[in-house]
Amino acid sequence: MAGDAQDNVWPLPKFYFAVEIPPLGETAFQEVSGLDVEAQVIEYRHGNSKEFSTIKMPGIKKYGNVTLKKGIFSGDNKFWKWFEGIKMNLIKREDVTIKLLDESGKPTMVWSLKNAWPTKITGTDMKSDGNEVAVETLEIAHEGLTIANGKE
């Protein structure tokens, strides 16, 4: 029984997405990972507590670095130019948007990274007997992650 009522039952596929980094524009990536946040745990025990254990309270939020992978193209040095802008705590931080798209190309989920900057670039590995595509990796640090349902 296909139809609109059943379409909301299935999870979204994850292979159609778009990434926008202001100095680089909308860039095609092969993979995005690291969209996570955690609240650090603070353990505490009252001095007059009759329990022989601690209570756990939420602490500071911690955001993991986001890793982006893409194929290497001739003359494409956008990652390196952004990375070269790092000079003793003077980097232009950018807000990065990652959109999970539906079959018509409209965003269904949107992850926004606040004050992102490149922290690591890894070039491709090379093998004389390999036949894979050359892929480079960009790791970006950020100061906040928000998630919203897509609206466009």
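The values are calculated or read from the model by the stated rules, or taken from the named source; none is laboratory data. Fair warning: this is a prediction, and the values are worked out from it, not measured in the lab. Cβ coordinates were reconstructed from backbone atoms using ideal geometry, including for glycine residues, and neighbour counts include every protein chain displayed. Please note that ligands, DNA and RNA were not included when accessible areas were found on the heavy atoms of the full protein model with its side chains. Shrake-Rupley method; radii C 1.70, N 1.55, O 1.52, S 1.80 Å.
Some notes on this structure:
- For His142, the solvent-accessible surface with a 1.4 Å probe is about 20 Å², rounded to the nearest 10.
- Solvent exposure ordering (accessible area, 1.4 Å, most first) of Phe15, Phe73: Phe15, Phe73
- Once the gyration tensor of the Cα atoms in the chain is diagonalised, the equivalent ellipsoid follows with semi-axes of 34, 26, 16 Å, ordered largest first.
- Gyration tensor (alpha-carbon) shape descriptor, the stretch 15-68, a/c threshold 1.5: prolate
- In this simple spin-label model, placing a label point 7 Å from the Cα along the Cα-to-Cβ direction at both Lys56 and Ile147 gives a separation of 1.9 nm.
- The stretch 101-149: GluC sites (Glu not before Pro) falling in loop per DSSP and having at most 15 other Cβ within 10 Å: Glu103, Glu132, Glu143
- Coil-residue trypsin sites (Lys or Arg not before Pro) of the stretch 1-85, DSSP, other Cβ within 10 Å capped at 15: Lys14, Arg45, Lys50
- Looking at the chain, the accessible area is 74 square angstrom per residue; that uses a 1.4 Å probe and ignores ligands, DNA and RNA.
- Ranked order, Tyr63, Tyr16 - accessible area, probe 1.4 Å, largest first: Tyr16, Tyr63
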